[in-house]
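Worksheet for the structure shown next.
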């Protein structure tokens, strides 16, 4: 059985980011930062506007698809040091459907479980929605070991063939024996991201309000907040993609695919 070293994966991640940053950055900006910024800009302002269906829903779906493509392309580039950017993006597109399908299956299972828990606990229909949300957050915490076991869906998607069920089974198989190590990594990452999101989000809101006034739909201040969110997400997911790629290579026993030398061209 392959051995996992989180510290080694982190050191390799830093090496990948320093050597391959010139190629990772355009993908992160074009396929992560831009769709996130677009989705944030057109989405209704929570608390100020009714979350009614509209054109923003279609924009959100398209942005999510582009974002997922960017994440898979970043993972592929971090994993195969001889891969060119255009080839990585093409491969990401070809594996997008199984990856998204596996994510939808997992999300559907969580929502179904939360709904069943809420339905069994709610004293009346009016409290059902609130309890469902609470049950979902509780499930996310209780099932954090499960998320640790499913962290490798992205790397498996871009390095192996197979449908969504295969991706879930393969990630589950590779992480066997490292449930609590990966759970700890998952929880620490979530906590760090939450702190970073709060700090940067609050800062961008203050800056936008000072420069352009209160944040409202399709305003200049909303654009500033959206751009900051996109840039932040591109940095976060570049690091996440590289880290999970290196963890996958360790657990799959494919360390022969070394980091290599910096690439040139696209």
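The values are calculated or read from the model by the stated rules, or taken from the named source; none is laboratory data. Remember, it's a predicted structure, so these values are computed and weren't measured experimentally. Because the Cβ atoms are built from the backbone with ideal geometry, glycine has one as well, and the counts that use them run over all protein chains shown.
Could you give me the residue pairs with C-beta distances under 8 Å whose first residue belongs to the range 247-259 and is at negative phi and modelled with pLDDT under 85, whose second residue is surrounded by fewer than 18 Cβ atoms within 10 Å (Cβ to Cβ) and part of a loop (DSSP other than H, G, I, E, B) wherever it lies, and which are 6+ apart or on separate chains? Matching pairs, first to second residue: 257/81; 258/81; 259/81. Here residue 170 passes the criteria (1) within 21 Å of residue 73 (Cα to Cα); (2) under 16 Å from the mean Cα position of the chain (by Cα) except the one numbered (2).
State whether one or more residues within the range 34-55 are closer than 17 Å to residue 240 by Cβ and either surrounded by 16 or more Cβ atoms within 10 Å (Cβ to Cβ) or more than 15 Å from the chain's Cα centre (by Cα) (or both). Yes, the range 34-55 contains at least one residue that is closer than 17 Å to residue 240 by Cβ and either surrounded by 16 or more Cβ atoms within 10 Å (Cβ to Cβ) or more than 15 Å from the chain's Cα centre (by Cα) (or both). Report whether or not residue 140 is touching a helix residue (DSSP H, G or I) at 6+ places or on another chain (Cβ under 9 Å) and either modelled with pLDDT of 85 or more or part of a loop (DSSP other than H, G, I, E, B) (or both). The answer is no for residue 140. Against the condition in a helix (DSSP H, G or I), more than 19 Å from the chain's Cα centre (by Cα), surrounded by fewer than 19 Cβ atoms within 10 Å (Cβ to Cβ) and modelled with pLDDT under 90, how does residue 8 come out, does it pass? Criteria not met by residue 8.
Under the condition of being assigned to a helix (DSSP H, G or I), surrounded by 14 or more Cβ atoms within 10 Å (Cβ to Cβ) and free of Cβ contacts under 8 Å to residues at least 40 places away in the same chain, the residues counted in the range 191-243 number 13. The set of residues in the range 95-108 being modelled with pLDDT under 90 and farther than 13 Å from residue 168 by Cα consists of 108 alone.
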